Amino acid sequence: MSLWRRAGGLRFAGMVVLTAVLLRALQLLLVAALTIDGERVVDRLLIWDGDWFLNVAMHGYPDGYSYDDDGVRVGNGFAFFPLFPALVRGVIALGVQPGYASLLVAGVAGLVAALLIYLLGVAIWSRPVGMMLMVLVCTQPMAVVLNMGYTESLFLALVAGTMLAAYQRLWWLAALTGVAAGLTRPTGVAVGLALAVAAFLLWRMEKAQGLPAQLAAPIIPTRSQAAAAPGAGAEPGSPGGGSGQTLAAGFSRETFTSRLSAPAASSSGRADDDDDYDDDDDDESASEARGAVAGVARGALTRGTGQWRVLGAGAPDTPSAVGRASAGPARPGGAGATLGAPSGGFGTPTGEWRALGLPGEGAVGGLLSLAAERTGSGAASKVIATRKATFAAKGRVTRAELVQAWVAAALTLLAGPVFVLWVGWRVGEWDAWFKVQTAGWGSTFDGGASVATFLLETLRGVNGMVEMVTAWLILGTFVLCLVAIVERVWVPLIVYGFVAMGLVIGQAGYWHSKPRLLVPVLLLACIPLARALAAAPRRTAIAVLALWSAFGLWFGAYMISIWPFTI
């Protein structure tokens, strides 16, 4: 089943976009309520860096350094990466007033980000997780920046799009969105490193492709093995026929099915089943998926009429059951899928082995999963360890695809540095971009020393409410990212989140900018919360989301309406 269908198609996509529109509208109402009389909401949405982006969009980059009246170097447009101003410039060329053009680009990007975050959650987990993740990210503290003439909404959309494209193994699209992310914010390097990890995982898959078939041979016979077996071609129940003589991993049919149906063996070789039977569908729990797979297992493997077939769970000894679908609710593309004989059985007219819709890659992967879970097979566990769902199912990894993945990672990693080097070439000093950042915004990399000092002072009660919220947001983001590791979130997402967080926390500068800079990082940090809320009772989930959203939207409105300093 395609991702679009799993996500609910146009109806659910429209629901996601409508939800994002309502959240953004509520954010604007709060900004309007807190804005001082006589000041326009539009002006609050274009303050601080928003004015810099407009300046670059309308006038381009300067020719060199900028200085004040005393001859002291100050910041200028070189500090800002080019993609967002370029898009604003394009909208201005259509006749839109510059300020509204900036807000239009940011607003549309924010809605696209919401949809892509939802699709990312559906692709890796489930529809409820996708919806929870979208709401959590779009209502986090400082989500107000998604309404402003800033780059966060565009960058968030590009990050989600790149991660989704990589997971779906659409490497040309991952390269396109990855390069765009690298040209939007300096933290685009985190996206490039995530793609490099994804390419490495793909390389491991390519190397492991030949392993499962070899180790699976004792469990699933090939057509030639089936034909060569004693009694091949005999009818079930005839001498030498299939009834009661099936071999599976060296067991008789009765022994094999009894072991599969028994409680899982506590063996060191047992595979971890949490990833294989995760909540991929919003209508079934992991235990139901295991039950459906166990129904297939109880059918066992039986040889009859020269072919190996799956018997229906209801009547495993009757010839009429050969090839019949197994009991269990349907799970498209995942564990427990309905096994129709014409499309999913073993005995196809061409003699090919067809996918059964079980965990892993078709019949081999599914039955290896069963062997690993129910019999404690060490060999099966070894195979399953190489077959985790690191990407969406898309067939075998080819050398060409592997090259595409590495090219996508390389281009993304090069995008940001190319702009920095261009600034250096234009000014005449290779480190010109860094000098502009330091002169204008005090941005240097101190490894997090300044953030650590800020946290210690704030948690001792030295500072006020904004400082306290910022401190706990930094700590909470770090802890939730650690939880994401414990929950074994998709590795490229973890790499992106930690690298981006390291760049934010390791940078010295205005501490009150940290909540805004952490906005894209919360794509990772909100995943454990989204998964927990998706599994919680609906009323509990709604209550938590309401409280989170109310605080996040209010805090953002406060920061651009009442807080006197830059964000």
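The values are calculated or read from the model by the stated rules, or taken from the named source; none is laboratory data. Keep in mind it's a predicted model, so treat the numbers as computed, not measured. Methodologically, a virtual Cβ is constructed for each residue, glycine included, from the backbone with ideal geometry; neighbour enumeration extends over all protein chains shown. These accessible areas exclude ligands, DNA and RNA; they are computed on the full protein's heavy atoms, side chains included. Shrake-Rupley method; radii C 1.70, N 1.55, O 1.52, S 1.80 Å.
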Between Asp69 and Leu10, what length comes free when the chain is fully extended (0.36 nm per residue of separation minus the Cα-Cα distance, one decimal in nm)?
15.5 nm
Quote the FRET efficiency, to the nearest 0.05, computed for Ala400 versus Val483 with a Förster distance R0 of 45 Å and r equal to the Cβ-Cβ distance.
0.75
Keeping all protein chains in the complex and leaving out DNA, RNA and ligands, what accessible area do you get for Arg488 with a 1.4 Å probe, in Å² to the nearest 10?
110
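Compare His512, His59 by solvent-accessible area with a 1.4 Å probe and give them largest first, with all protein chains kept in place. It would help to have the intermediate numbers written out before the result.
Numbers: His512 25, His59 130 Å².
The most accessible residue leads, giving His59, His512.
Over the stretch 475-548, give the accessible area per residue in Å² for a 1.4 Å probe, as an integer.
Numbers: 2990 Å² over 74 residues.
Heavy-atom accessible area per residue stands at 40 Å².
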How large is ³J(HN,Hα), in whole Hz, for each residue of the stretch 44-59 in order, when computed from phi with the Karplus curve 6.51 cos²θ - 1.76 cosθ + 1.60 and θ = phi - 60°, using x for Gly and Pro?
5, 7, 10, 6, 6, 5, x, 5, 5, 4, 5, 4, 5, 5, 8, 10
How far apart, in nm, are the 7 Å Cα→Cβ label points at Asp51 and Phe200?
4.4
Rough spin-label spacing in nm, given labels placed 7 Å along Cα→Cβ, for Asp43 and Ala449:
4.1
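Reported to two decimal places, what Rg/Rh ratio describes the stretch 444-557 when computed on Cα atoms with Rh from the Kirkwood expression?
On the way: Rg = 15.0 Å, Rh = 15.1 Å.
With Rh from the inverse mean 1/r over Cα pairs, Rg/Rh is 0.99.
Given the peptides 121-130, 97-106, arrange them by the average over their residues of other C-beta atoms within 10 Å, most packed first. Each step should come with its number before you reach the end.
On the way: 121-130: 23.5, 97-106: 20.7.
Ranking the peptides 121-130, 97-106 by packing returns 121-130, 97-106.
Taking a ≥ b ≥ c as the square roots of the Cα gyration tensor eigenvalues, with a/c under 1.5 meaning rounded and otherwise prolate when a/b beats b/c, else oblate, which class fits the stretch 496-567? Intermediate values should be presented prior to the final figure.
Values: a/c = 4.87, a/b = 1.39, b/c = 3.51.
Oblate shape, in that a/c is at least 1.5 and b/c is the bigger or equal ratio.
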Karplus ³J(HN,Hα) for the stretch 189-204 (6.51 cos²θ - 1.76 cosθ + 1.60, θ = phi - 60°; Hz, whole; x = Gly/Pro) runs 4, 5, 5, x, 5, 4, 5, 5, 5, 4, 5, 5, 5, 5, 4, 5
Mind listing the phi-derived Karplus ³J(HN,Hα) values for the stretch 446-455, rounded to whole Hz, using 6.51, -1.76 and 1.60 with θ = phi - 60°, and x for any glycine or proline?
10, x, x, 5, 5, 5, 4, 5, 4, 5
Be a star and scan the stretch 48-84 for residues whose amide nitrogen sits under 18 Å from the point 7 Å along the Cα-to-Cβ vector of Trp425.
61-65, 78-83
Calculate the spin-label point distance for Glu457 paired with Ala550, positioning each point 7 Å from the Cα along the beta-carbon direction, and give it in nanometres.
3.3
For Ala532, put the label point 7 Å out on the Cα→Cβ axis and report which residues of the stretch 131-159 keep their amide N under 19 Å from it.
131-141
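Find the relative contact order for the stretch 19-128 and round it to a whole percent, using C-alpha pairs within less than 8 Å whose residues are 6+ positions apart.
Working: 62 pairs, mean separation 23.9, N = 110.
Rounded, it is 22 percent for the stretch 19-128.
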Computed over the stretch 474-528, the relative contact order (Cα-Cα under 8 Å, seq sep at least six) in percent reads 55
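Hey, can you rank 107-116, 145-154 by average C-beta count inside 10 Å, highest first?
Details: 107-116: 22.0, 145-154: 26.8.
Order by mean packing, descending: 145-154, 107-116.
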Could you please state, rounded to a whole Å, how far the C-alpha centre of the stretch 517-567 is from the C-alpha centre of the stretch 136-182?
18
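Quantify, in whole percent, the carbon and sulfur part of the accessible surface of the stretch 57-139 (1.4 Å probe; protein heavy atoms only). The partial results should precede the final answer.
Working: 1990 of 3110 Å².
Exposed carbon and sulfur together represent 64 percent of the surface.
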Sorted by chain and then number, the residues having a modelled amide H within less than 5 Å of the amide H of Ser126, at least 5 places away or on another chain, are none
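Ranked highest first by the average count of other Cβ atoms within 10 Å around their residues, in what order do 460-469, 416-425, 186-195 fall?
Details: 460-469: 12.8, 416-425: 16.7, 186-195: 26.1.
With the highest mean Cβ count within 10 Å placed first, the list reads 186-195, 416-425, 460-469.
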Please arrange Arg538, Arg204 by accessible surface area, largest first, computed with a 1.4 Å probe and ligands excluded.
Arg538, Arg204
